[in-house]
1. Looking only at the range 45-90, which residues are among the β-branched types (V, I, T) and without any contact (Cβ under 8 Å) to a residue 40 or more places away in the chain?
2. Given (1) in contact with a helix residue (DSSP H, G or I) (Cβ under 8 Å, 6 or more places away or on another chain); (2) over 18 Å from A144 (Cβ atoms), where does D106 come up short, assuming only one miss?
3. With the checklist (1) over 19 Å from H139 (Cβ atoms); (2) small (G, A, S); (3) surrounded by 22 or more Cβ atoms within 10 Å (Cβ to Cβ); (4) in contact (Cβ under 8 Å) with a residue 60 or more places away in the chain in hand, flag the one item G103 doesn't pass.
4. Taking the criterion of being aliphatic (A, V, I, L, M), crowded, with 22+ Cβ neighbours inside 10 Å, under 17 Å from I11 (Cβ atoms) and in contact with a helix residue (DSSP H, G or I) (Cβ under 6 Å, 6 or more places away or on another chain), would at least one residue in the range 121-130 satisfy it?
5. From the list M142, M148, exactly one residue is over 22 Å from M26 (Cβ atoms) and of a type in the set (A, V, I, L, M, F, W, C). Which is it?
Amino acid sequence: MSMNQRKATAIHEAGHAVAAMELGVMFTIISIVPGEGYDGRVLVEGGDYFIMPLGTDPYSPENERAFRAWAEQQAIIDYAGHAAIVAVLGVGDMSYRSACQHGAWDDFSKASQRLRRDYRRIVAARDRAKEIVQTRKRHVRMLAQALMEQGRLDGQSAEMLLEARR
């Protein structure tokens, strides 16, 4: 991985992590160490899947509301990686085409599926991701710098780093 690609990956992953923190979603690791088909990753609490309480009706209004809230939150975190590239590096825009050009097409696809391809919800999630990253750009840069130096951080270390530099 070239230095420019490593920096872009660090910024991208830092964007996911900062959005997760802003939304109150804990994450266990943020990494730019390549492996198993990815250049970097942020593992959020609960993983990548919505889990319904055991024995509940999957079609109940309560579960539908819980799923929608989870999907919107996860989509914002998904979109925030590319939003960080746009805001910090000034590269591209928040379109799907731009995401494909800058390696974030997988995040955009996941978010679109989670939001059941509802255009209004997709636009709202992308706008919220961009807003979070824009207002916390300094935090994205700090986390990206730490990732460039260390390769990976656990969630607690990332939060402590940002607290110490406030």
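Since every read-out is calculated from the coordinates, none of them should be taken as a lab result. Remember, it's a predicted structure, so these values are computed and weren't measured experimentally. In this analysis, Cβ positions are derived from the backbone assuming ideal geometry, glycine residues included, and neighbour counts consider all displayed protein chains.
1. The answer is I51, T56.
2. (1)
3. It is condition (3) that G103 fails.
4. Yes, the conditions are met somewhere in the range 121-130.
5. The unique qualifying residue is M148.
Okay, residues lined up against (1) in a loop (DSSP other than H, G, I, E, B); (2) touching a Pro at 6+ places or on another chain (Cβ under 8 Å); (3) closer than 19 Å to K130 by Cα:
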{"site": "Y49", "(1), (2), (3)": "yes, no, no"}
{"site": "E62", "(1), (2), (3)": "no, no, no"}
{"site": "R68", "(1), (2), (3)": "no, no, no"}
{"site": "A71", "(1), (2), (3)": "no, no, yes"}
{"site": "Q74", "(1), (2), (3)": "no, no, yes"}
{"site": "Y79", "(1), (2), (3)": "no, no, yes"}
{"site": "A84", "(1), (2), (3)": "no, no, yes"}
